[in-house]
1. Pull out all pairs, ordered by first then second residue, where Cβ-Cβ is under 7 Å, the residues are six or more apart or on different chains, the first lies in region 154-167 and is within 13 Å of G127 (Cβ to Cβ), and the second is surrounded by fewer than 19 Cβ atoms within 10 Å (Cβ to Cβ) and among the aromatic types (F, W, Y).
2. Looking at Y183, Y173, which one is under 20 Å from A43 (Cβ atoms), among the hydroxyl-bearing types (S, T, Y) and either surrounded by fewer than 20 Cβ atoms within 10 Å (Cβ to Cβ) or out of contact with any helix residue (DSSP H, G or I) (no Cβ under 9 Å at 6 or more places or on another chain) (or both)?
3. Could you say whether any residue in region 177-196 is in contact with a Gly (Cβ under 6 Å, 6 or more places away or on another chain) and among the small types (G, A, S)?
4. Would you check if L122 is surrounded by fewer than 17 Cβ atoms within 10 Å (Cβ to Cβ) and within 22 Å of I176 (Cβ to Cβ)?
5. What do you reckon, is S20 under 29 Å from I176 (Cα atoms) and under 17 Å from the mean Cα position of the chain (by Cα)?
6. Would you pick out the residues in region 146-161 that are over 17 Å from the mean Cα position of the chain (by Cα) and either acidic (D, E) or surrounded by 15 or more Cβ atoms within 10 Å (Cβ to Cβ) (or both)?
7. Show the residue pairs meeting these rules: Cβ distance below 7 Å; 6+ apart or different chains; first residue within region 1-23 and hydroxyl-bearing (S, T, Y); second residue outside any loop (DSSP other than H, G, I, E, B) and surrounded by fewer than 18 Cβ atoms within 10 Å (Cβ to Cβ).
8. Starting from residues that are part of a helix (DSSP H, G or I) and in contact with a strand residue (DSSP E or B) (Cβ under 8 Å, 6 or more places away or on another chain), keep the ones in region 167-188 and report whichever is nearest to S31 (Cα to Cα).
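The values are calculated or read from the model by the stated rules, or taken from the named source; none is laboratory data. Note that the structure is predicted; figures quoted are calculated from it, not measured. With ideal geometry, Cβ positions are generated from the backbone for all residues, glycine too; neighbour counts draw on all protein chains shown.
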Amino acid sequence: MTISIYLAGDSTVQNYQADSPQGGWGEFLQSYLTGDVQVINRAIGGRSSKTFVEEGRLASILDVIKKGDWLFVQMGHNDASKDKPERYTEPYTTYKQYLKMYVEGARQKGAEPLLITPVARLHYKDGVFLNDFPDYCIAMKQVADEENVRLIDLMDKSLQHFAEKGYSEIFKYFMISENVNDYTHFTKKGARKMAKLVSAGIQELSLPFVKKTV
């Protein structure tokens, strides 16, 4: 039986056209997984945990997700948009409440939820790569603890990887390297590397669907 992994997320996760310089890690995750798993990427740019629910996008996943499937959730970038109240969620109240909707919805269908902290942006200061969403990362970890949900700390993994590679290499991971004033979105190279970090997180959780070569 084929296992489906549904991705709920934002523009750092979503699929892009093959000829687009921009990429999301969701479009590359399949290449790191075994053949009995299919990735169904429902991530879309500009969405927060709140608007993904309000637009019916979570409901559309829950309509088709089945027992044995997985729901991977990376939210936080757009939740932090205080200047866009339609997107904004407060980390320790509404953000957590919305995340629990994903968790409970998946479990009601016999599927397994997995939370993923927001991936890092290219924010480099005084020789250090910075976490732009610390409260959202903490809040998501609280939900994981409170609801006994598996979690991949992609913020931590991405920051560690950035520190290991250095700014000049990590610069190529982001659209700023394509002469766009963009320190958030990934090039194909960066997105592929973030997918590899997610697959490493899956492997660390001892889940059976990562290729042995990763």
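1. Every condition considered, the pairs that remain are Y167/Y124.
2. The unique qualifying residue is Y183.
3. Yes, there is a match, as at least one residue in region 177-196 is in contact with a Gly (Cβ under 6 Å, 6 or more places away or on another chain) and among the small types (G, A, S).
4. Criteria not met by L122.
5. Spelling it out, it is not the case that S20 is under 29 Å from I176 (Cα atoms) and under 17 Å from the mean Cα position of the chain (by Cα).
6. E146, E147 - these are the residues of region 146-161 that are over 17 Å from the mean Cα position of the chain (by Cα) and either acidic (D, E) or surrounded by 15 or more Cβ atoms within 10 Å (Cβ to Cβ) (or both).
7. Qualifying pairs under 7 Å: T2/Q38; S4/Q38; S4/I40; Y6/I40.
8. K188
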